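For reference, the structure is listed below as structure tokens.
The values are calculated or read from the model by the stated rules, or taken from the named source; none is laboratory data. Fair warning: this is a prediction, and the values are worked out from it, not measured in the lab. We place every Cβ from the backbone using ideal geometry, glycine too, and count neighbours over all the protein chains shown.
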């Protein structure tokens with residue numbers, strides 16, 4: 001059963017519904033793709049409280065794993081500042097379980113161990129993280145962006 005977990009990661013407070021595990025005698029926090037998405041939103045609220053842009057986070061689970069899609073845009077549909085986009089993309093990528101290596105057609109698991117500020121290990125189980133600096137298709141902001149591009 002999932003529990004409410006609170007911890008500090010990268011100097012910020014996070015609260016998720018997750019699991020504790022005691023694998024190999026080490027205290028671990030298990031984070032799935034849905035909770036990773038919640039962490040992205042919490043990260044943005046803490047890091048950019050005065051910025052006025054929209055965020056869409058969608059998690060997907062399927063037979064081959066799971067993914068997280070993060071879309072960012074200003075309210076008029078334009079792209080957010082490049083530094084903000086790169087920072088959020090970098091944070092999202094810390095939650096990837098690994099990467100796909102197309103040269104050998106294999107998914108390679110990350111060797112890096114990620115710790116909370118108090119020394120607990122965090123295991124992220126999101127296979128792919130995609131970050132886009134544009135609104136998702138079908139939103140009001142997407143339509144505004146399309147209209148701006150036609151002008």
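Of the set (1) loosely packed, with under 10 Cβ neighbours inside 10 Å; (2) at pLDDT 95 or above, all apply to residue 92 but (1).
From the list 97, 124, pick out the single residue that is buried (at least 18 other Cβ atoms within 10 Å of the Cβ), without any contact (Cβ under 8 Å) to a residue 40 or more places away in the chain, under 19 Å from the mean Cα position of the chain (by Cα) and within 22 Å of residue 34 (Cβ to Cβ). Before you say what the answer is, go through the steps one by one.
Details: 124 fails: without any contact (Cβ under 8 Å) to a residue 40 or more places away in the chain.
The unique qualifying residue is 97.
Against the numbered list (1) free of Cβ contacts under 8 Å to residues at least 40 places away in the same chain; (2) on the phi > 0 side of the Ramachandran plot, residue 86 comes up short only at (2). Within segment 36-60, track down each residue that is surrounded by 14 or more Cβ atoms within 10 Å (Cβ to Cβ), farther than 17 Å from residue 133 by Cα and more than 11 Å from the chain's Cα centre (by Cα). Those that are surrounded by 14 or more Cβ atoms within 10 Å (Cβ to Cβ), farther than 17 Å from residue 133 by Cα and more than 11 Å from the chain's Cα centre (by Cα): 47, 60.
The numbered conditions (1) within 15 Å of residue 138 (Cα to Cα); (2) free of Cβ contacts under 8 Å to residues at least 60 places away in the same chain are all true for residue 77 except (2). Any residue at all in segment 130-144 that is outside any helix (DSSP H, G or I), under 27 Å from residue 17 (Cα atoms), touching a helix residue (DSSP H, G or I) at 6+ places or on another chain (Cβ under 6 Å) and in contact (Cβ under 8 Å) with a residue 60 or more places away in the chain? Within segment 130-144 (the criterion being outside any helix (DSSP H, G or I), under 27 Å from residue 17 (Cα atoms), touching a helix residue (DSSP H, G or I) at 6+ places or on another chain (Cβ under 6 Å) and in contact (Cβ under 8 Å) with a residue 60 or more places away in the chain), the answer is yes, since at least one residue qualifies. In the condition set (1) surrounded by fewer than 18 Cβ atoms within 10 Å (Cβ to Cβ); (2) in contact with a strand residue (DSSP E or B) (Cβ under 8 Å, 6 or more places away or on another chain); (3) more than 14 Å from residue 129 (Cβ to Cβ); (4) at pLDDT 95 or above, residue 73 is compliant with all but (1).
Taking segment 77-129 only, how many residues are more than 25 Å from residue 19 (Cβ to Cβ), in contact with a strand residue (DSSP E or B) (Cβ under 7 Å, 6 or more places away or on another chain) and assigned to a loop (DSSP other than H, G, I, E, B)?
Taking segment 77-129 as the starting set, the residues that turn out to be more than 25 Å from residue 19 (Cβ to Cβ) are 77-90, 100-106.
Still in the list and also in contact with a strand residue (DSSP E or B) (Cβ under 7 Å, 6 or more places away or on another chain): 79-80, 85, 88-89, 100-101.
Filter once more, so that each one left must be assigned to a loop (DSSP other than H, G, I, E, B): 79-80.
Count: 2.
Can residue 146 be described as buried (at least 17 other Cβ atoms within 10 Å of the Cβ), over 23 Å from residue 2 (Cβ atoms) and at pLDDT below 95? So that I can check it myself, show each step before the final result.
Working: buried (at least 17 other Cβ atoms within 10 Å of the Cβ): no; over 23 Å from residue 2 (Cβ atoms): yes; at pLDDT below 95: yes.
Against the criterion (buried (at least 17 other Cβ atoms within 10 Å of the Cβ), over 23 Å from residue 2 (Cβ atoms) and at pLDDT below 95), residue 146 does not qualify.
If I ask for residues that are outside any strand (DSSP E or B) and either in contact with a strand residue (DSSP E or B) (Cβ under 8 Å, 6 or more places away or on another chain) or free of Cβ contacts under 8 Å to residues at least 12 places away in the same chain (or both), which ones from segment 48-67 would you list? Once the filter is applied, which keeps residues that are outside any strand (DSSP E or B) and either in contact with a strand residue (DSSP E or B) (Cβ under 8 Å, 6 or more places away or on another chain) or free of Cβ contacts under 8 Å to residues at least 12 places away in the same chain (or both), segment 48-67 yields 49, 50, 52, 63. On the basis of being assigned to a strand (DSSP E or B) and in contact (Cβ under 8 Å) with a residue 40 or more places away in the chain, does residue 16 make the cut? No: the conditions fail for residue 16.
Condition check: modelled with pLDDT of 95 or more, outside any strand (DSSP E or B) and surrounded by fewer than 19 Cβ atoms within 10 Å (Cβ to Cβ). Does residue 24 satisfy that? Let's see the steps before the verdict.
On the way: modelled with pLDDT of 95 or more: no; outside any strand (DSSP E or B): yes; surrounded by fewer than 19 Cβ atoms within 10 Å (Cβ to Cβ): yes.
In short, no.
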